[in-house]
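These notes concern the structure reproduced below.
The values are calculated or read from the model by the stated rules, or taken from the named source; none is laboratory data. Being a predicted model, the structure only gives us computed values, none of them experimental. Quick reminder, even Gly has a Cβ in these numbers, built from the backbone with ideal geometry, and neighbours come from all protein chains shown. Accessible surface is based on the protein model in full, side chains and every heavy atom, while ligands, DNA and RNA are left aside. Shrake-Rupley method; radii C 1.70, N 1.55, O 1.52, S 1.80 Å.
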Amino acid sequence: MYPYPLIRFPDGSGIGLYEICMLVGVIAAMILFSVLAERRKMPGKLQNLILVGIIVSVVVGYLVAVLFQAVYNALETGEFVIDENTGATFYGGLIGGVVCMVLIYFIGARIMYRSNEVAVRWFPTLANVAAVCVPLAHGFGRIGCLMAGCCHGGETDAWYGIAMDIGVLDGEYVKVVPTQLFEAIFLFALAAFLIVWFWKGRGMEVPVYLIGYGIWRFIIEFFRADDRGASIIPGLSPSQTTAILLILLGVAICIAYFVICLKKGRAYFAPPQGDAEPAARQNGQLGTDEKENKH
């Protein structure tokens, strides 16, 4: 597509469509987070904390994504190297970003409220909203990959193939399967589905995302042709291995939710209504968001 810088800096570096798409994705996710958090009436101070946390987590997540890719490369080549050619993997960025966000959330809430009670009550809401926002940001990221020519599929003569500079013919474009475009379409569709799902108060956004994207990623990896390093499971790519783990996690969350509902009832997962709500009713909503009361 167009992997060349649109803005160049004196040191030779620059900003291209890849970076621009990434930035658009982050901004879109932050806007969506604000809208959904307001719908659940999340306290303003927590929203501001989370928005700051998103920015920090994106940076940390990218660094961890590069680290994960370096490990995958080391499993394949036997050499651990981090440089401008190392690359990055989404799952590494997701894991690193989530860990960073959780730390910022609980530490920041502890400082603001002098207790983690509010943070614990609202954490399931944060998790569900994040599960809706991540595929939206990721979809824009995959458009960036399409522009950069990375994460591509194998060479093809099919009508849906797109010419990209994938480095096999010294600057010449080669027609390949646009797995980035297919994944972007899937991610935008998943984000739209989860937005409607959340808006209706259905709940279970976290496992729906984990299982839905995990299955898609496992399948689409068979059509990828770029170098992704080696996995600890022979015959599978690193992302397929991670996808299996996240699918299992999503299934485990579903099972835990239904077991708790059988023992304590669906009301156990009633969403918080504000900081003044009695603590006994603030048990979170990771399993579901009850529909808002209508007066």
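In the range 1-65, with Lys and Arg counted as +1 and Asp and Glu as -1 at Cβ, which of these residues, L36, Y18, V64, has the Cα nearest the positive end of the dipole, that is, farthest along it? About the Cα centre, the residue reaching furthest to the positive side is L36.
With a 1.4 Å probe and all protein chains left in place, how much of the accessible area of the chain comes from carbon and sulfur atoms, in whole percent?
Numbers: 10420 of 15190 Å².
Ligands and nucleic acids excluded, carbon and sulfur reach 69 percent.
Across the range 140-150, computed HN-Hα scalar couplings (Karplus, 6.51 cos²θ - 1.76 cosθ + 1.60, θ = phi - 60°) run 5, x, 5, 4, x, 4, 4, 5, 7, x, 9 Hz from first to last residue, x flagging Gly and Pro. I'd like the FRET efficiency for V120 and L248, computed as 1/(1 + (r/R0)^6) with the beta carbon distance as r and R0 of 25 Å, rounded to 0.05. With R0 = 25 Å, the Cβ-Cβ based efficiency is 0.50. Once both labels are positioned 7 Å from their Cα atoms along Cα-to-Cβ, the gap between R110 and E38 label points is 3.2 nm.
What the phi angles of the range 240-257 give under the Karplus curve with 6.51, -1.76 and 1.60, with θ = phi - 60°, is a coupling list of 5, 4, 5, 4, 4, 4, 6, 4, 4, 5, x, 5, 4, 5, 4, 4, 4, 4 Hz, glycine and proline written as x.
Using +1 on the beta carbon of Lys and Arg, -1 on that of Asp and Glu, and nothing else charged, what's the dipole of the range 39-184 about the Cα centre, debye to 20? It comes to approximately 1520 debye. Projected onto their three principal axes, the Cα atoms of the chain cover extents of 66, 44, 39 Å, largest first. Principal axis analysis of the Cα atoms in the range 100-157 yields extents of 61, 17, 14 Å, listed in decreasing size.
A 1.4 Å probe run over the range 124-223, with the rest of the protein chains in place, finds 40 Å² accessible per residue. Taking amide H as placed 1.01 Å from N in the peptide plane, the amide H of D165 sits under 5 Å from that of V174, each at least 5 places away or on another chain.
Given charges of +1 on the Cβ of Lys and Arg and -1 on the Cβ of Asp and Glu, with all other atoms neutral, how large is the dipole of the range 132-200 about its Cα centre, in debye to the nearest 20? Each step should come with its number before you reach the end.
On the way: 3 positive and 6 negative charges, 104 e Å.
It works out to roughly 500 debye.
Near G153, the amide H atoms lying under 5 Å from its own belong to V177, T179, Q180, A225; only residues 5 or more places off or on other chains count, and H is placed 1.01 Å from N. Shape annotation for the range 1-123: C-alpha extents along the principal axes are 47, 35, 25 Å, from largest to smallest. Between E79 and L262, the modelled label-to-label distance comes to 5.5 nm, taking each label 7 Å out from Cα in the direction of the beta carbon. Taking the Cα centre of the chain as the origin, how large is its charge dipole in debye, to the nearest 20, when only Lys and Arg (+1) and Asp and Glu (-1) carry charge on their Cβ atoms? With only Lys, Arg, Asp and Glu charged at Cβ, the dipole is about 1880 debye. Length available on full extension from V102 to F9: 0.36 nm per residue minus the Cα-Cα distance, which gives 30.0 nm. Normalised by the number of residues in the chain, the mean separation of alpha-carbon contacts (under 8 Å, six or more apart) gives a relative contact order of 20 percent. Toward the positive end of the charge dipole of the range 48-190, with +1 on the Cβ of Lys and Arg and -1 on the Cβ of Asp and Glu, the farthest Cα among S115, N128, F188 is that of S115. Modelled spin-label separation between D157 and R202, with each label point placed 7 Å from Cα along the Cα-to-Cβ direction: 4.3 nm.
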